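The values are calculated or read from the model by the stated rules, or taken from the named source; none is laboratory data. Bear in mind the structure is a predicted one, so any value in this text is a computation, not a measurement. Glycine also receives a Cβ, built like all others from the backbone with ideal geometry; neighbour counts cover every protein chain displayed.
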Protein chains: 2
Amino acid sequence: MLGANPPARQDNRQTLIDATLASVAEIGLIRTSVSEIITRAGLSRGMIHLHFQGKDNLLAAAAKHSSERYYKRLDQYLRDAKPDPQYRIEALIQCDLSEDGLTEDIVRITHEFQAATRAFPILAPYSDTRDARLRRYFEEAFTQIIIQTGETDPSQVSRDITTGLVATMEGFWVDFLLHPQDFDRARAARIVFRMLSGLLPDYFDLNGAKAPN
Amino acid sequence: MLGANPPARQDNRQTLIDATLASVAEIGLIRTSVSEIITRAGLSRGMIHLHFQGKDNLLAAAAKHSSERYYKRLDQYLRDAKPDPQYRIEALIQCDLSEDGLTEDIVRITHEFQAATRAFPILAPYSDTRDARLRRYFEEAFTQIIIQTGETDPSQVSRDITTGLVATMEGFWVDFLLHPQDFDRARAARIVFRMLSGLLPDYFDLNGAKAPN
DNA sequence: AACAAAAATGGACGATCGTCCATTTCTGCC
DNA sequence: GGCAGAAATGGACGATCGTCCATTTTTGTT
C-alpha cells in the first residue's frame, strides 16, 4: 500500500481544479462560486481551504493548469513538425486552430481569465505569458526566414510579422468565442496563409508552408 | 424654467451609466456591485431600481451606450474619409487604433462585457454587433476593390480579407489590453498596412491607402 | 488492535450581494 | 401658497458570498 495515499491528496486537488475550469467554461467566472465548485467536484466545503487556502489561489492554480495544458499541446505540435522554420510556423498555426487546441471550453476559459486579471491580479502571469511564448516561437522562426531573404533589418521585420500574426490568431480566437458554430477552421487557416504568402511568397502559399529551395 | 426638469431625469440615468462604465473599466465587472455604482454616481440606492428596474438592465444600458459610442466614432471617421474604398478602409483602421478610439478604458469595458455574455445573456447583442458593423463596412469597401481587380470570385476573396483584417484588429485590441504601455499605435498600423500591401499592392503601401490610378 | 497523523467533513460566521418599498423631497401648476 | 405627482432617499430584507474551524473519518505504523 506504500505510495497509495499521497496521490489521493493530489487527486482531490486536481478534482477541484477541473471543477473550477468546467464551471468557468460553462457559467463564467462571475457565477463560479465556492459552492458551485464544491458541488461540481462532489467534495466538501473545507477542501478549498485545505488545498488552496482560499478561492483566489484555486483560481490561480486553475489558470496555471489551463496555461500549461496549452503549452504542452504547442510543444507537441512543434516536436512533430519538420525542422524548417516555415513548417514550424505552420505547425503553430495549425495547433492554435485545431479541433483539440481551439475548443469552446478552452477559448471561454482563456478569455474569462484574461478579463478577470483586473479583479484578481494573482491571475496576471497566466493570462500574460500565453501569447508571450507563442510570440517567441513565431519570432525565432520568422527571423531564420528573414535572414535568408537578405533583409536589411531582419529583426524589425520579423518582429512586425510576428506581432501581426499573433494578433490575427488572437482575433480568430475571439471570433470563435463569439460565433463558435459559424467558425470555419480551414477557412481561418487559409486566410492566415494568404496573408503570409503575400508577405513571404517563397515560403508560404494558400495551403501552408512551401518546401525550401 | 420650462423644460428644465425633464433632462434631470435623463441626467441621473446617464450618471448611473457613466458610473457603471467607470467601475467596469477600473475594477472589472465582477467587483462592480450596486453599492459600488451608486457610490461612484453619488446617488442613492433606489435609483437603479427606479431607472432600470434592476442591475441587469443597467449593465445592458451601459453596454449599449458603450457600443453606440464606438459606432458614432466609426461613422465620423468614415464621413471624414475620401470616398475611394481604400481610403475608407484606412479610416476604419486608423479609427480603431486612434488615441480616442482605443483607450485603456474602452478596451477593458469591451472585453469585460464580451466575457460576461455567458453570465448575463442580456448583454449579448452589444458585444456581438460590434465587429458585425465593422465587418460590414470593411467588406463593402473590399468588394469594391476586388471587383476592380477582375477576380473570378470577388465575394469570397473580399470576405476572406475582411475576416482576416477584423481578426487582426481584434487581436491588436487584446494586445493593447494586456500591454497598454508597450503598445505602439503607429507600428500596429504599419503592420496592418504591410499585410494589406502584400495582398493588394495596387491599393495599399506601408503608409496606408494609395491614390487610385 | 490501538494509536497518532493526515484528510475530509459540513455547519457557523460576518460581510456583502441585489431587490424592494415606506418615506421624504422636489417640481410645476392652479 | 397649497396641492398633486414625480423624483429621490436610504434602510430592511432574505439570499448568498468566502472563510474558518471543531469534529469525524481515513490512513499508516507499531
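The single condition from (1) more than 9 Å from chain B (Cβ to nearest Cβ); (2) modelled with pLDDT of 95 or more; (3) touching a helix residue (DSSP H, G or I) at 6+ places or on another chain (Cβ under 8 Å) that residue A:186 fails is (3). Restricting attention to region A:70-82, the residues that are closer than 23 Å to residue A:115 by Cβ and free of Cβ contacts under 8 Å to residues at least 24 places away in the same chain total 0.
Per the conditions (1) in contact (Cβ under 8 Å) with a residue 60 or more places away in the chain; (2) surrounded by 15 or more Cβ atoms within 10 Å (Cβ to Cβ); (3) not in a helix (DSSP H, G or I), the sole criterion not satisfied by residue A:118 is (1).
Residue by residue, here is whether (1) within 11 Å of DNA strand C (Cβ to nearest atom); (2) of a type outside the set (A, V, I, L, M, F, W, C) holds:
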residue	(1), (2)
B:14	no, yes
B:22	no, no
B:36	yes, yes
B:39	yes, yes
B:45	yes, yes
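For region B:91-114, the set of residues classified as farther than 17 Å from residue B:22 by Cα and either more than 14 Å from chain A (Cβ to nearest Cβ) or of a type in the set (A, V, I, L, M) (or both) consists of B:91, B:92, B:93, B:94, B:95, B:97, B:98, B:99, listed by residue number. No other residue among A:201, A:180, A:212 is at the interface with chain B (Cβ under 9 Å from one of its Cβ atoms) and not in a helix (DSSP H, G or I) apart from A:201.
For (1) buried (at least 20 other Cβ atoms within 10 Å of the Cβ); (2) over 24 Å from the mean Cα position of the chain (by Cα); (3) of a type in the set (A, V, I, L, M, F, W, C); (4) farther than 25 Å from residue A:132 by Cα, each residue gets a yes or a no:
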residue: B:140; (1), (2), (3), (4): no, no, no, yes
residue: B:145; (1), (2), (3), (4): yes, yes, yes, yes
residue: B:154; (1), (2), (3), (4): no, yes, no, yes
residue: B:162; (1), (2), (3), (4): yes, no, no, yes
residue: B:168; (1), (2), (3), (4): yes, no, no, no
residue: B:177; (1), (2), (3), (4): yes, no, yes, no
residue: B:191; (1), (2), (3), (4): yes, no, yes, no
residue: B:198; (1), (2), (3), (4): no, yes, no, yes
residue: B:212; (1), (2), (3), (4): no, yes, no, yes
